[in-house]
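Below is one structure; the comments refer to it alone.
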Amino acid sequence: MLQDQCSRWCAAEQVLAVFIKESTCGLSNVSIMLAQQADRVMALGEWEERWQEDRIGFHQPHVHKMLESHIDKVLAGRTGVRFFFPLCGKAVDMKWLADMGHSVVGVEISEKAIKQFFEDNNMTYSEEPVPALPGAKVFKGSERNISLYQSDLYNFSSAIGGQFGAIWDRGSLVAINPRDREKEKL
Ligand SMILES: C[S@@+](CC[C@H](N)C(=O)[O-])C[C@H]1O[C@@H](n2cnc3c(N)ncnc32)[C@H](O)[C@@H]1O
């Protein structure tokens, strides 16, 4: 009986030792990754390359669970809310909100991502230049109130996009170079 208990403790101790070792390794890995990210500069061209090469593991094919489960709190009884999606990619959350009658304004540097958003969702769209943003374009859904600006987020402002009732941002922290975080405050 005592022997039994002792071997269980020994086994538990071993599991704990492995756990501590792995957690410590995990922690140091995280610190190394954060230190590397502090100096990381991901150029816009690199994002475009990822889209061109279909290296878009960040894209999620389903509506984000947090958005789904908290949407009532976000809306707080409001209808026809204007949602802002900075660094939108081709997030399916945009269609989900637009299908509910809300409007969506997104900003994304890759034209391929924007076109894929409309094509993946079988939506037709128009394309026009943005006079206030030289070189930028806005793609507008014909059936839903979705306007996606092909632009660098840091050139975008409320003078162009207007006012918003809500912002949904998922997966973008990795895309913001630490040195640019101050600039993100639009
Ligand atoms: C990690 S992905 C997240 C995409 C999207 N939020 C999602 O949930 O799938 C970041 C996206 O931001 C775009 N991006 C990166 N830097 C940008 C910038 N300065 N201005 C506009 N778009 C940018 C990239 O092309 C990429 O599609």
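If packing is taken as the mean number of other Cβ atoms within 10 Å per residue, what is the order of 138-149, 121-132, highest first?
Details: 138-149: 19.3, 121-132: 12.5.
Highest to lowest by the protection proxy: 138-149, 121-132.
Computed FRET efficiency, Cβ-Cβ of SER158 and GLU49, R0 35 Å: what is it to the nearest 0.05?
0.70
Would you work out the charge dipole size for the range 50-184 about its Cα centre, treating the Cβ of every Lys and Arg as +1 and the Cβ of every Asp and Glu as -1, and quote it to the nearest 20 debye? Numbers along the way, then the final one.
Working: 17 positive and 18 negative charges, 46 e Å.
I would put it at about 220 debye.
What does the highest-first list of 103-113, 72-82 look like by mean Cβ count within 10 Å?
Numbers: 103-113: 21.4, 72-82: 11.3.
In descending order of packing, they fall as 103-113, 72-82.
Kindly flag which residue pairs out of LYS73/LYS140; LYS65/LYS137; LYS73/LYS115; LYS95/LYS140; LYS73/LYS112; LYS95/LYS115 have an alpha-carbon separation exceeding 22 Å in this structure.
Pairs exceeding the cut-off: LYS73/LYS140; LYS65/LYS137; LYS73/LYS115; LYS73/LYS112.
What are the radius of gyration and Dmax of the range 50-184, computed over its Cα atoms and given in Å?
14.3, 42
For a Förster distance of 25 Å, can you work out the FRET efficiency between the beta-carbons of VAL130 and THR79, rounded to the nearest 0.05?
Working: r = 28 Å, r/R0 = 1.11.
So the FRET efficiency works out to roughly 0.35.
Give me LEU133, LEU87, LEU97 ranked fewest to most by other Cβ atoms within 10 Å of their Cβ, as a rough exposure proxy. List each step's numbers first, then the result.
Numbers: LEU133 18, LEU87 21, LEU97 26.
Taking fewest neighbouring Cβ atoms as first place, the list is LEU133, LEU87, LEU97.
If r is the Cβ-Cβ distance from ASN122 to ARG179 and R0 is 25 Å, what FRET efficiency results, to the nearest 0.05?
For R0 = 25 Å, the calculated efficiency reads 0.05.
Distance in nm between label sites at LYS112 and ASP72, each 7 Å beyond Cα in the beta-carbon direction?
Inter-label distance under the simple model: 4.2 nm.
Values quoted throughout were computed directly from the atomic coordinates according to the rules given, and no laboratory measurement underlies them. What you see is a predicted model, and the numbers here were worked out from it, not measured in a lab. Please note: Cβ atoms are built from the backbone with ideal geometry, for glycine as well, and neighbour counts cover all protein chains shown.
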